[in-house]
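The values are calculated or read from the model by the stated rules, or taken from the named source; none is laboratory data. Just so you know, these numbers come straight off a predicted model, no measurement behind them. Reconstructed Cβ throughout: ideal geometry from the backbone, glycine too, with neighbour counts over all protein chains shown.
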Amino acid sequence: MKAIVNVFLKEGVLDPQGKAIHHALDAMNFQGVEDVRMGKQIVLQLSTTNREEAQKEVEKMAEEILANTVIEDYTIELVE
Amino acid sequence: MKKVAVLQFPGTNCDLDTQYAFEKLGCETTIVWHKESTLPEGTNLVVVPGGFSYGDYLRSGAIAKFSPIMDAVIAYANAGGKVLGICNGFQILTEVGLLPGALKRNIGLHFISRFQTLKVVNNDNEFLQHCQTNEVLNIPIAHADGNYYIDEDGYKELVENNQILVQYCDPQGEPVVVNGSVNSIAGICNSTKNVFGLMPHPERALESILGSDDGVKMLEGLIA
């Protein structure tokens, strides 16, 4: 099973990289972009086939190392 | 003679400068490889120096926090031992939770490397005991992830407990925006005032002929 972990700065925490991308898009005349947030994606190949077990284990990984929960939120997506 | 332990991770690059600084100040200094699980006996100060531990992969300081030596450093700090984190060392100390808050990418996204004036905010701690409140110091900075973040409640606690050490300022002492830090914070300590972290490099300011010797009175406080 694959676990896809997306890590983003929390809402309300200023994202300097997202802001720079937004400026670049404006400068390139792409219209209608209201906000840009930049994050990172971590893809884990897991040996387990048990979704519940995978979810629990990956949550622990996200809390302990993959995200810094002082400034970041994360989402976990499990793919068979 | 005071004993200083300077940690070394893969990618640390200020270990030798830091060792030089504390030896110049008359300390016995040992470089401690991150795979060690104990600190040298009788250590009076642990310094987590600057650099790019683990290439800043994932987040600055994120991987270093799981190095074997960090358990010993956390136990040492919790027992009241003095710990100083400089630059990447500051990032590591926030990642392990010895200091509150976190360090984000600089607001302008640039790596900033230059001399920077700093204002001493609180000197009722061992680190800055030889500096005056509101004194302006000239210390080099060199970082891409120095944008200090803390939530509102955390910030109030820092202020109430006199935990803000230094702020980025202009030569007259007025706070300035350098990297986007909350209230221009450049360095803080924990509530028990035995763990210190700052982005600027006092170990690079030891000789006035090289630009500034303001780092001497900062570092001397920790080994007085």
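Observations on the structure shown:
- Yes/no for A:Q45 being at pLDDT 95 or above and away from chain B (no Cβ under 13 Å): yes
- Wholly enclosed helices (runs of 4 or more DSSP H) of region B:46-161 bearing at least 1 residues within 14 Å of chain A (Cβ to nearest Cβ), of a type outside the set (S, T, Y) and more than 23 Å from B:G11 (Cα to Cα): B:152-160
- Residues being surrounded by fewer than 17 Cβ atoms within 10 Å (Cβ to Cβ) and either under 13 Å from B:D124 (Cα atoms) or touching a Ser or Thr at 6+ places or on another chain (Cβ under 8 Å) (or both) - total across region B:176-202: 4
- In the set B:E203, B:E135, only one residue is in contact (Cβ under 8 Å) with a residue 40 or more places away in the chain, closer than 22 Å to B:L25 by Cβ and charged (D, E, K, R); that residue is B:E203.
- For region A:19-67, a tally of residues being at negative phi and out of contact with any strand residue (DSSP E or B) (no Cβ under 7 Å at 6 or more places or on another chain) returns 30.
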